[in-house]
Each structure stands twice: as structure tokens, then as C-alpha cells.
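A.B. asks: A single structure is presented below for examination.
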Amino acid sequence: MAPSSSIGRRRLLELGGLTALGAGLSACSGKSLGDTGSGGSGDAKQLQFMFWGSTAEQKAIAGMLKDFEKEKSGVTVKPVFTPADYDTKLNALVASNRQPDLCYMQSPMGYRLAEQGKLVNLFPYFDKYPDLANRLPGTYFWWDKGKTYGTQSANEIMALWYSKPALKDAGIETPPAEADKAWSWDTFVQNAYKLTVDQNGKHPDQDGFDPKRIRQYGVSAAMSPIVWHPLLLSRGIDFADETGRKSMLDTPEAIEVFQNLADLMYKHRVAPTPAQLGNNAPSTTVQLKTRRVAMVIDGQWTLLDLAQGKLEFGMGVLPKYAKPMTITLGGATAIFSSTKHVEEAVELYLFHDNPTKVDLFSTGLWMPLEKRYYTDPKDIDVWTKNDAHPPEYKTAAIDYTVNNSAPYFYQKLRNIEAIDKVLTPAIQVIQQGKTPAAEVLKPLAAKLNGGLLKGTYPTDGN
């Protein structure tokens with residue numbers, strides 16, 4: 001699952017619209033969840049699994065649930081696919097005590113419901129299920145000592161995607177796929193210049209370049225937290241200090257990162273502005289395939305579409321400042337404590353993110369959670385030895401995750417929903433290119449430090 005935080009997928013997985021609200025609620029209504037469904041065996045234990053995603057994800061999850069029913073005799077699982085306005089629907093179900101047994105969940109909601117005692121604490125199951133205990137540390141959602149409502153449904157990272165024909169035409173070597181060879185920010189910008197051409201074939205640093213008639217941009221790098229957070233980490237700072245109570249956005253390092261991103265669009269003219277992309281920005285696959293852009297900073301999840309797009313693409317690590325860094329992120333899956341079938345729900349929980357059970361790992365949408373899928377060659381082959389994953393994937397994604405990643409700050413900070421209401425509009429001002437980053441970030445940091453930053457959730461069960 002690509003993550004669905006307050007920035008959605010394409011803001012990350014932004015779930016908008018109210019059109020399916022009635023259908024979504026009726027799908028979960030009628031009986032107490034866990035009761036036998038109509039038309040099923042009277043002895044069957046029924047679970048409901050609520051989730052979002054693309055059409056491909058809907059098909060894969062439905063197939064996974066059918067496979068679980070085959071392996072777990074006496075259990076039926078009803079898929080509740082909810083592609084739009086997910087949070088509103090889930091909140092309504094919780095308020096009316098009609099919540100599903102399991103569901104995808106944004107991490108802030110998960111923490112809130114867990115603290116209210118509405119989610120199952122999975123920590124007591126660690127001894128029984130080693131695969132649950134041996135996951136990447138940053139994927140857990142701990143809300144107190146010895147209390148976790150689970151992990152991400154799958155792991156994701158940020159990477160640099162590119163069109164091989166575009167780079168070949170410009171005479172540029174492909175972006176490094178190994179962290180220790182990552183381009184510096186300056187090298188990244190220089191190559192973006194070479195890849196940006198107007199309708200007459202001129203580059204931004206050439207006389208006569210027409211910025212209003214650009215045929216191909218060198219890079220697309222949205223001013224989204226999933227883009228700038230790894231760059232902050234590479235610059236040697238985080239969104240907040242270790243206590244999670246003091247913003248780092250007013251530091252010279254942060255100001256440099258944000259100004260550099262704005263300069264890609266307005267000073268160097270090698271990246272499209274939000275206005276140039278339009279309200280319905282094309283996907284990374286479309287941008288690369290049509291040669292509208294040559295490189296894109298985007299999530300690992302885009303591999304699913306790229307691999308099916310008949311496109312000569314490649315994957316590289318992100319540009320660096322000091323240490324090369326990316327982030328790990330992903331939406332959560334949680335079990336409601338109201339379920340009548342906890343053991344079966346836990347077993348489905350483990351089944352649904354198992355790379356041997358769900359093809360969304362091998363097709364490129366998801367990355368696994370257990371450490372062994374990043375360290376054991378046989379387990380790595382389970383999900384990457386296929387046509388979807390490019391040859392450079394081992395170093396550009398797997399090694400990158402193990403050695404050069406940190407958890408996404410949205411998933412660890414307390415009070416993030418309130419923080420986002422201040423953060424997002426401020427960053428949008430920088431993105432518009434009319435106000436220097438320093439003039440936005442300094443007052444923003446003051447607001448965050450004025451009581452919005454309330455610390456972090458635990459990083460482990462201790």
C-alpha cells in the first residue's frame with residue numbers, strides 16, 4: 001500500500017470526494033461486524049477488511065482475501081473497498097460502532113484510536129508470530145511502552161526515477177543506483193539543466209531559451225514533505241529535534257533545502273511549477289513516457305505503473321547534501337478491539353502483508369516489512385526476481401533502505417494533524433516562488449514551537 005497520510009498519494013494518496021459515502025457506509029452496516037454474513041455458512045466466522053487503493057490494489061487484495069479463506073477453513077472475509085473520502089467514512093463507522101474488523105488506517109488516526117482503547121495491541125503476539133516481531137524498526141506504530149497497534153501495511157521509500165532515452169539523448173550517465181555514489185545537489189542541478197530544453201532545443205543557461213515553451217523539463221520535484229524530508233536528513237537535520245518539541249525549519253540548513261527546491265522551478269527553470277503541471281498533474285509514468293520530464297522524485301510505489309507502462313525507465317538514489325538519505329513510510333493496518341474473532345483477525349493481519357501471499361510485492365507496489373526480505377538472498381528473490389524490478393533495484397531500494405533511511409516524520413510526531421494545518425499552507429507559499437524560504441520558515445518555526453510540537457511517539461516498545 002502506498003501511504004495515505006495527510007499529504008495523500010499524489011498528495012500522497014489523497015482520498016477526496018463524497019460520492020461513495022453512502023455505498024461505503026452501507027457496506028459496513030446491517031449487522032455487528034463479525035456476525036455471520038447473509039448467505040454464508042451458519043458456523044462461519046466473518047471478518048470485514050476495509051481498504052483504499054488503485055484498481056490493481058483492489059483486485060490484489062480481493063484475491064488475497066479469497067486465498068486466506070481457502071487456507072483458513074471456517075472463516076469468510078468481506079472486502080470493503082473504499083477508494084474515496086476514506087477517513088470520513090471510517091470515522092463515521094467508528095462513531096456509530098460499526099467499524100470493520102481490520103482496515104487500512106492513516107497513522108494519526110491509528111494513534112488516536114489506540115489511545116482510546118479501540119485498537120488491538122499486537123505486542124503480546126510477538127512471541128507467537130516471529131514475522132510480526134522481526135520487522136523493520138521504523139515500520140511499527142508504538143503508542144506506549146509495550147503497546148503497538150501494528151505496523152505499516154507495507155514499506156515504501158523515496159527514489160529518483162528517470163527516462164533512459166531522455167538521458168541518452170542528453171549524453172548524461174544514468175543517476176547512481178548506489179548510495180555512496182549519489183549525485184551531489186549541485187551535480188543534480190547541472191544535469192537537470194542539460195535535460196531541460198525548450199521547443200527550439202535550447203537549455204535554460206543558453207541565450208534565447210524560452211521558459212514559456214519548454215518541451216522537456218529536467219526534473220519534477222514536488223515541494224511535498226515526502227520530497228523535502230529526506231533532503232533535510234541528508235543535510236544533517238530533521239523536521240524537529242530529538243525531543244520532537246523544537247522545530248528545525250528555521251535553521252540555515254533547512255532554509256537552504258527549501259530554497260533549493262524553489263530555485264529548481266523559478267531560478268533554474270529546470271522543474272515545472274504547480275501551475276505548469278496543472279490541477280490534475282499527470283502521473284510519474286505519463287510524465288516520463290511523454291518526455292515531459294526526464295527525472296522525477298517519487299515513491300517506490302510508482303514502480304507498479306512504470307513496469308506496466310512499456311517505458312525504458314531506471315531507478316536511482318536521491319541527490320545528497322552530506323550523507324545520502326531516503327525515508328521509509330507507509331499507511332498502517334490495524335485491528336479493531338471490537339472484533340469478535342481476534343485470533344483470526346491477527347492471522348489475516350499477518351497473511352495480508354506476506355510477500356508469498358500477495359502479488360503487490362512482486363508487481364512493484366509494495367516493499368516487505370520483515371528484515372529477512374532485505375538481507376537473505378533467497379527471501380529477496382521471492383519479491384524482486386521478476387520483470388517488474390529493474391537490475392539496479394537491489395542497491396537503489398533494498399540496500400538504500402537498510403543503510404540510508406529514517407522513518408518519515410509524519411508517522412512519529414504527536415499532534416501531526418494540527419501541525420499539518422499550519423505546515424501545508426506555509427510550504428505552499430514557498431512553492432509559489434514569490435517569497436524567499438527564510439521569510440516563510442522562520443515564522444512557521446515560531447508557530448510550531450509555540451505549542452504545536454508535542455513530542456514524538458516511542459520508537460520501540462521499551
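A.B. asks: I need the calculated FRET efficiency for the pair D180 and N97, taking r as the beta carbon distance and R₀ as 51 Å, to the nearest 0.05.
C.D. replies: The calculated FRET efficiency here is 0.45.
A.B. asks: Tell me what the chain gives for mean residue ellipticity at 222 nm when only DSSP H runs of n ≥ 4 count, each as -39,500 (n - 2.57), the sum divided by the residue total, rounded to 500 deg cm²/dmol.
C.D. replies: Details: 18 runs with 161 residues, N = 462.
Rounded to the nearest 500, the figure is -10000 deg cm²/dmol.
A.B. asks: Separate question: How many nm is it between the label spots at R215 and T187, if each spot is 7 Å from the Cα in line with the beta carbon?
C.D. replies: Computed distance between label sites R215 and T187 equals 2.8 nm.
A.B. asks: Over the C-alpha atoms of the chain, what are the Rg and the largest Cα-to-Cα span, Dmax, in Å?
C.D. replies: So, for the chain, Rg and Dmax equal 22.4, 78 Å respectively.
A.B. asks: Taking a spot 7 Å from the Cα of V402 along the direction of its beta carbon, which residues of the range 319-334 have an amide N less than 19 Å from it?
C.D. replies: 324-329
A.B. asks: Next question, about the same structure. Compute the long axis of helix 185-195 from its Cα atoms, compare it with the longest principal axis of the Cα atoms of the chain, and write down the angle in degrees, 0 to 90, nearest 10.
C.D. replies: Its long axis makes an angle of about 70 degrees.
A.B. asks: Turning to a different aspect of this structure: State, to one decimal in nm, how far the label point of Q116 lies from the label point of D43, with both points 7 Å from Cα in the Cβ direction.
C.D. replies: Spacing of the two 7 Å Cα→Cβ label points: 3.8 nm.
A.B. asks: Just round it to a whole percent: the fraction of Cα-Cα distances in the range 158-328 exceeding 30 Å. Walk me through the numbers on the way to the answer.
C.D. replies: Values: 2174 of 14535 pairs.
Counting pairs separated by more than 30 Å, the tail of P(r) holds 15 percent.
A.B. asks: Then there's this: Expected output is a single nm value to one decimal: the length gained when fully extending between T459 and E439, i.e. 0.36 nm times separation in residues minus the C-alpha distance. What is it? Intermediate results must be reported in sequence, preceding the final value.
C.D. replies: Values: separation 20, 0.36 × 20 = 7.20 nm, distance 3.30 nm.
Length gained between T459 and E439: 3.9 nm.
A.B. asks: With a cut-off of 20 Å, note down the residues of the range 285-299 whose backbone N falls inside the zone around a label point 7 Å from the Cα of E312 toward its beta carbon.
C.D. replies: Within reach of a label on E312, which here means backbone N under 20 Å from a point 7 Å along Cα→Cβ, the range 285-299 contributes 285-296.
A.B. asks: What is the helix-to-structure angle for 86-95, meaning the angle in degrees between its Cα long axis and the longest Cα principal axis of the chain, kept from 0 to 90 and rounded to the nearest 10?
C.D. replies: The angle comes out near 30 degrees.
A.B. asks: Moving on to the next point. Which loop GluC sites (Glu not before Pro) in the range 159-266, with loop taken from DSSP, have no more than 10 other Cβ atoms within 10 angstrom of their Cβ? Don't skip to the end; give the middle numbers.
C.D. replies: On the way: sites: E173, E178, E242, E253, E256; in loops: E173, E178, E242.
Here the GluC sites (Glu not before Pro) that fit, given the DSSP loop and packing criteria, are E173, E242.
A.B. asks: Next question. By how many nm would the segment from Q432 to K378 grow when fully extended, if each residue of separation counts as 0.36 nm and the alpha-carbon distance is taken off?
C.D. replies: Numbers: separation 54, 0.36 × 54 = 19.44 nm, distance 4.77 nm.
Computed gain between Q432 and K378 is 14.7 nm.
A.B. asks: At a Cα cut-off below 26 Å, give the lysines reachable from K246, other chains included and same-chain residues fewer than 8 away excluded.
C.D. replies: Excluding near neighbours in sequence, the set is K145, K147, K320, K323, K412, K421, K442, K447, K454.
A.B. asks: Modelled label-to-label distance, K168 and T243, 7 Å Cα→beta-carbon offset: nm?
C.D. replies: Label-label distance for K168 and T243, simple model: 5.6 nm.
FYI, it's all coordinate maths here, none of it is from the lab. All figures in this text were calculated on a predicted structure; none of them were measured in a lab. Glycine also receives a Cβ, built like all others from the backbone with ideal geometry; neighbour counts cover every protein chain displayed.
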